[in-house]
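The values are calculated or read from the model by the stated rules, or taken from the named source; none is laboratory data. Just so we're clear, the structure is a prediction, and the values are computed from it rather than from any experiment. In this analysis, Cβ positions are derived from the backbone assuming ideal geometry, glycine residues included, and neighbour counts consider all displayed protein chains. Keep in mind that these areas ignore ligands, DNA and RNA; they rest on the heavy atoms of the full protein, side chains included. Shrake-Rupley method; radii C 1.70, N 1.55, O 1.52, S 1.80 Å.
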Amino acid sequence: MPERTAGVAVPGSLVFAGASKVWGGGSAFYDPGAVGEVAGRAYLLTPAQLGDVAAQEMWREPGGAFAQELAALLPDVAEIHTLGPGRYETVVRLGEYEGVPMYTVTHGSVAELEPVAPKAAYLRWIATGLVEAHGWDVARVVEYLHAAPGVQLAWTPGALQVALSV
């Protein structure tokens, strides 16, 4: 378990693309080169824990070579480092939170991905995190998510409101 969590906002954009093996529909990616702001939840993890999370997102063995490689390179990532072509094989340093460096994993070239609409269950999961981390109401979550590329392909604000209110 993480030592603690916090709501954060970082420059960039949230994009839904690809195909989630768990949720169906588009997966969430962070585009550090896009204009905007991404709301998220920061987890205070050890480098090994982040390596394990990234490995699991890539359907790899936690604690395996990929996880260990990612954990070992974190202190050297000043901005962006790509380990491979996979959907979460690029590490991005997001800055610091209370003096602790923040990182995320994403696709290496999110801007080149074709947006894909996410499914309702995935959007509800993300919405729950936004409400818990930022104290947003459903209307604010709808506004935020509807602005993300991919969402408008299948969701109107009204339909999102209904799906997130379940």
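Spacing of the modelled spin labels on LYS21 and VAL138, each 7 Å from Cα toward Cβ, amounts to 3.3 nm. Taking every C-alpha pair closer than 8 Å and separated by at least 6 residues, the mean separation divided by the residue count of the chain gives a relative contact order of 23 percent. Relative to the Cα centre, the charge distribution of the chain, modelled as +1 at Lys and Arg Cβ and -1 at Asp and Glu Cβ, gives a dipole magnitude of about 500 debye.
Loop-resident GluC sites (Glu not before Pro) (DSSP state other than H, G, I, E or B) in region 66-118 with no more than 11 further Cβ atoms inside 10 Å of their Cβ: GLU79, GLU98.
With no solvent and one equal point scatterer placed on each C-alpha of region 86-166, evaluate the Debye formula and give log10 I(q)/I(0) for q = 0.13, 0.23 Å⁻¹, two decimals. Scattering profile of region 86-166, log10 relative to I(0): -0.52, -1.11.
Taking only protein heavy atoms and a 1.4 Å probe, the accessible area of region 68-156 is 53% carbon and sulfur.
Accessible surface for the chain, divided over its residues, is 53 Å² per residue with a 1.4 Å probe.
When the Cα atoms of the chain are aligned to their principal axes, the ranges along those axes come out at 45, 32, 29 Å in descending order.
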